[in-house]
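Rule-based calculations on the coordinates, nothing more; no lab input. Everything numeric in this text was worked out from a predicted model, so none of it was measured. Because the Cβ atoms are built from the backbone with ideal geometry, glycine has one as well, and the counts that use them run over all protein chains shown.
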Amino acid sequence: MIKYKAKEGSMFTNKLANIYGNCIAQIEKEKGTVKPKDVVEVAKKIDSPLHDYFDWNNASAADKYRLSQARYLMNHLVIDIEVEGRIEEQNAFVSLAVEKEDGGKGYLSMDKAMSVSIYREQVLDVALREYDYWEKKYNTLKELALLFKAREALKRKLSK
């Protein structure tokens, strides 16, 4: 039997992750695949282990959904920039730890983030953490071994 765990930074515990994972695996077993709507349908039942994960209060759920939509919007806007004579797409905004009254994260234009050294360092740190995540996700694919070696060389270069 597979033991499910919560990814670092998750809003649920490893114990709950195992419960949720087994519940979702059961949906896959019954339906062949799992769609988000299938998970919500199962979770609607008050006795479902997934029930308490969801916000069933329509007013607060709607507010959370709109915040999610705003994040999606900012995360999916791109701009064209010139790189070595060719046009490349780049994210228009980036989420960073910025000085705000309420603390936490906020979005900055990529242009502003790259022009302020403390934010530029955060962008690089986020990029490297995302690469680390991606490498962990795909490290069993031997076809990508050259990429992983290149990452090690970059780590050494940046640590100097």
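Relative to the longest principal Cα axis of the chain, at what angle does helix 58-75 sit, 0 to 90 degrees, rounded to 10?
So the helix axis and the longest Cα principal axis differ by about 30 degrees.
Between residue 92 and residue 29, what is the spin-label point distance in nm, taking each point 7 Å from the Cα along the Cα→C-beta axis?
4.7 nm
In the range 10-26, which residues have a backbone nitrogen under 13 Å from the label point lying 7 Å from residue 45's Cα in the Cα-to-Cβ direction?
Counting only backbone N, you get 23-24, 26.
Could you compute the net charge surrounding residue 44? Neighbours are other residues with a C-beta less than 15 Å from the C-beta of residue 44; K and R count +1, D and E count -1.
-2
How charged is the neighbourhood of residue 21? Take every other residue with its Cβ under 13 Å from the Cβ of residue 21, and add Lys/Arg as +1 and Asp/Glu as -1.
Local charge sum for residue 21: +4.
Which shape class applies to the range 1-55: rounded if a/c is under 1.5, otherwise prolate when a/b exceeds b/c and oblate if not, where a ≥ b ≥ c are the square roots of the Cα gyration tensor eigenvalues?
Oblate shape, in that a/c is at least 1.5 and b/c is the bigger or equal ratio.
How far apart, in nm, are two points set 7 Å out from the Cα along the Cα-to-Cβ line at residue 69 and at residue 17?
Here the answer is 3.1 nm between the modelled labels.
Which of the chymotrypsin sites (Phe, Trp or Tyr not before Pro) found in the range 1-97 are in a DSSP loop and have at most 14 neighbouring Cβ atoms, other than their own, within 10 Å?
12, 54, 56
Please list, by residue number, every one of the trypsin sites (Lys or Arg not before Pro) in the range 20-78 that is coil in DSSP and has at most 10 other beta-carbon atoms within 10 Å.
Passing both the DSSP loop test and the Cβ count: 45.
In nm, to one decimal, how far is the modelled label at residue 6 from the one at residue 55, with both set 7 Å along Cα→Cβ?
Those two pseudo-labels are separated by 1.7 nm.
Taking the range 35-122, which GluC sites (Glu not before Pro) meet the DSSP loop condition and have no more than 13 other C-beta atoms within 10 Å?
Within the range 35-122, the qualifying GluC sites (Glu not before Pro) (loop, at most 13 other Cβ atoms within 10 Å) are 84, 99, 101.
Across the range 14-54, how many lysine pairs, 8 or more apart or on two chains, come within less than 20 Å at their alpha-carbon atoms?
For the range 14-54, the number of qualifying lysine pairs is 8.
Among the lysines, which fall within straight-line cross-link reach of residue 157, defined as a Cα-Cα distance under 22 Å, with same-chain neighbours fewer than 8 residues apart omitted?
Within the straight-line cut-off, residue 157 pairs with 136, 149.
Report, in degrees rounded to the nearest 10, the 0 to 90 angle that the Cα long axis of helix 14-31 makes with the longest principal axis of the chain.
70 degrees
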